[in-house]
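These notes are about the structure you will find just below.
The values are calculated or read from the model by the stated rules, or taken from the named source; none is laboratory data. Nothing here was measured: the structure is a model prediction, and the numbers come from that model. In this analysis, Cβ positions are derived from the backbone assuming ideal geometry, glycine residues included, and neighbour counts consider all displayed protein chains. Just the protein is used for accessible areas: all its heavy atoms, side chains included, with ligands, DNA and RNA removed. Shrake-Rupley method; radii C 1.70, N 1.55, O 1.52, S 1.80 Å.
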Amino acid sequence: MIEFFSATISVFVKDSENQELAEKAFLGFFPYDLKKEKLALKKTKFVDLDDEKTTVLELTITKKRHIGPFFTVLIGRIDQKQKSILLKQLESRLDEDLFFYMRFDKDMLIKNNIYEITQGGNCFHIKMLIKIFPKKRDIALNLLRDVITP
């Protein structure tokens, strides 16, 4: 089974977008109550290059009791077609430091509750640091293939 040191989930939400729906979709990544688990959702406000007010929702989890269920539920919500895409792109989604990256289309998730893999753009970002010893990329790729393969 694959393990992780940490997982960070983030999304940019412009003031012109429905903040409440974006936050609800963000919280939907977690199969537990953040408050009960004493996890704080970080909200950072700034003005973007288009002079539009934007909020970044972000949460980093580092405990095994949080990361395991998070990842299990996340992989379970991705349909077979999306898992196939993820497998084809696996090499480019794992860096040399063993950070594994996934991006999900924000509109598809908010409007349709569909976890659709995307390469970029307006999306939910997930960055997970794989925990293995020895720290070898090929071992990490094989572990990821095992948990993603439909």
Would you mind calculating the gained length between PHE46 and ILE139 on full extension (0.36 nm times residue separation, minus the Cα-Cα distance), in nm to one decimal? 29.5 nm
Between GLU3 and ILE114, what length comes free when the chain is fully extended (0.36 nm per residue of separation minus the Cα-Cα distance, one decimal in nm)? 37.5 nm
Of LEU41, SER84, LEU129, which is farthest towards the positive pole of the chain's charge dipole, taken about the Cα centre with +1 and -1 on the beta-carbons of Lys, Arg and Asp, Glu respectively? LEU129
Would you mind checking the pairs LYS88/LYS131; LYS81/LYS111; LYS38/LYS88; LYS42/LYS88 and listing those with alpha carbons more than 26 angstrom apart? LYS38/LYS88; LYS42/LYS88
Roughly how many debye, to the nearest 20, is the charge dipole of the stretch 1-121 about its Cα centre, given +1 on each Lys and Arg Cβ, -1 on each Asp and Glu Cβ, and no other charges? 640 debye
Between THR60 and ASP33, take the C-beta separation as r, use R0 = 22 Å, and let me know the FRET efficiency to the nearest 0.05. 0.80
Are there chymotrypsin sites (Phe, Trp or Tyr not before Pro) in the stretch 42-148 that DSSP puts in a loop and that have at most 13 other Cβ atoms within 10 Å, and which ones? none
What FRET efficiency, computed as 1/(1 + (r/R0)^6) with R0 = 22 Å and r the Cβ-Cβ distance, is obtained for ASP15 and ILE148, rounded to the nearest 0.05? 0.05
Rg/Rg_globular for the stretch 47-150, with Rg_globular taken as 2.2 N^0.38 Å and Rg from C-alpha atoms: 1.16
Would you mind finding the longest exposed-site-free stretch of the chain, with exposed trypsin sites (Lys or Arg not before Pro) meaning DSSP loop and at most 12 other Cβ atoms within 10 Å? 64-134
The chain - accessible surface per residue (Å², probe 1.4 Å): 58 Å²
Once neighbouring chains are kept in place and the probe is 1.4 Å, which whole percent of the accessible area of the chain is contributed by carbon and sulfur? 52 percent
Per-residue ellipticity at 222 nm for the chain, helices alone: DSSP H runs ≥ 4 residues times -39500 (n - 2.57), over residue total, nearest 500 deg cm²/dmol? -10500 deg cm²/dmol
What nm distance separates the two modelled labels at ASP95 and THR72, each placed 7 Å from Cα along Cα→Cβ? 2.9 nm
Quick one: net charge of ASP51's neighbours, Cβ under 13 Å, K/R +1, D/E -1? -2
